[in-house]
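Enquirer: Provided herewith is a single structure, encoded as structure tokens, for subsequent inquiry.
The values are calculated or read from the model by the stated rules, or taken from the named source; none is laboratory data. Worth saying up front: this structure is predicted, and the values here are computed from it rather than measured. Cβ coordinates were reconstructed from backbone atoms using ideal geometry, including for glycine residues, and neighbour counts include every protein chain displayed. Protein only, heavy atoms only, side chains kept; ligands, DNA and RNA dropped before computing areas. Shrake-Rupley method; radii C 1.70, N 1.55, O 1.52, S 1.80 Å.
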Amino acid sequence: SLSKETYGYQMCLYQNFWCPKFSLEPVIALQRDFQACDTDIFVINMPKTGTTWFKSLLFSLFNRSNEGLLNTQLQTHNPHELILSLEITIYAKDKNPDLTKMPSPRLFSTHLPYDSLPESVKNSKCKIIYITRNPFDTFVSSWHYYSKLENVDNNVGCSSTMEEYFNKFCKGRSLYGPFFDHLMGYWKESLERPKKVLFLKYEDLKEDGVLQMKKVAEFVGFPFSIEEEKQGVVEDLIKLCSIESLKEMEVNKKGKCDPDFENKCFFRKGVVGDAANYLTPPMVERLTKIMEEKLNGSGLSF
Ligand code: A3P
């Protein structure tokens, strides 16, 4: 059977996307067996575009009460343990998991492209929140992250230089990529079915988290009341889930919920525009050109 130990982060082209080899079996199992409920909510994105952050926000949004935010679980669990990934965690641990006992609404995450989602996710009334981030910062973030993998035979990046890794990214060869195909799949759905897919940008969350989280709360059918807004619950949510706050939590300083990465690896700078410190002008020019071609006429820009 496929395992991380055997395959590292090697990728294989599966259904037109680059699937990490260790996720292939879980992906096939979940595509075959997962049954979505109308009340399910999915956090979907490409790696390094804000998964951890958004999981903490969505979990806290649902786990609020009349007394405000209940942050105890966030203090003791990394966000990836609070909203589980279908392919990385649930179906990787158990090929036939019983998910029927999970409290409703069930919150899940996945990195699968739209076309590869199980049919029941596409066809039920469940909701999808898609997060994306500008490709420059996404690339730089993933470079830092995957270069932490040591002694692993992989073709994600750490065995190559940043230039080689950039070359692959530009050719669409990144985990769950091509990057632009992934986001265009969800962008189109969000335009056609706005009640089904909410499309968010990391940069917008950074700029006005309060506005974006009000939008999310409405979208998932759990809006903030006027009373909550007066009490500043939305602002508290943003503060609780800020990178500064999450980084300081003991579980994120010392814990490890992924065999390859300590929890602290999920929190680096958390800013917009860090790519300018790493990419050369020719690199920026090359990726800008690709981005313009891919997004041309879509109404989407970064
Ligand atoms: P950088 O490497 O640019 O700092 P993912 O969670 O999808 O793996 O994405 C990781 C990126 O999100 C990293 O970006 C990380 O620092 C950033 N991040 C993590 N928590 C965040 C938060 N609370 N607010 C903003 N960015 C955050």
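Enquirer: If I filter segment 95-115 for residues that are open to solvent by less than 40 Å² (accessible area, probe 1.4 Å), farther than 30 Å from Lys230 by Cα and charged (D, E, K, R), do I get at least one hit?
Expert: no
Enquirer: State which residue pairs qualify: first residue closer than 15 Å to Asp38 by Cβ and inside segment 107-119, second residue in a loop (DSSP other than H, G, I, E, B) in any location, beta carbons under 8 Å apart, and separation of 6 or more residues or different chains.
Expert: Leu107/Asp40; Leu107/Ile83; Phe108/Asp40; Phe108/Ile83; Pro118/Phe34; Pro118/Gln35; Pro118/Ala36
Enquirer: Give the residue that is least open to solvent (accessible area, probe 1.4 Å), with candidates limited to residues of segment 246-256 that are within 19 Å of the chain's Cα centre (by Cα) and free of Cβ contacts under 8 Å to residues at least 40 places away in the same chain.
Expert: Selected residue: Lys247.
Enquirer: With segment 116-225 as the region, which helices (runs of 4 or more DSSP H) entirely inside it contain at least 3 residues that are of a type in the set (D, E, K, R), modelled with pLDDT under 95 and within 23 Å of Asp258 (Cα to Cα)?
Expert: Where helices (runs of 4 or more DSSP H) fall fully within segment 116-225, none carries at least 3 residues being of a type in the set (D, E, K, R), modelled with pLDDT under 95 and within 23 Å of Asp258 (Cα to Cα).
Enquirer: Here's a follow-up. Closer than 25 Å to Ser141 by Cα and away from the ligand (no atom under 16 Å from the Cβ), is that true of Cys12?
Expert: yes
Enquirer: Let me ask something additional. Taking Thr52 and the conditions (1) assigned to a helix (DSSP H, G or I); (2) more than 8 Å from the ligand (Cβ to nearest atom); (3) of a type outside the set (A, V, I, L, M), which numbered condition does it fall short on, given that it satisfies the others?
Expert: With respect to (1) assigned to a helix (DSSP H, G or I); (2) more than 8 Å from the ligand (Cβ to nearest atom); (3) of a type outside the set (A, V, I, L, M), Thr52 is out only on (2).
Enquirer: Within segment 257-283, track down each residue that is closer than 26 Å to His80 by Cβ, part of a helix (DSSP H, G or I) and either open to solvent by 40 Å² or more (accessible area, probe 1.4 Å) or near the ligand (Cβ under 10 Å from one of its atoms) (or both).
Expert: Lys264, Cys265, Phe266, Asp274, Ala275
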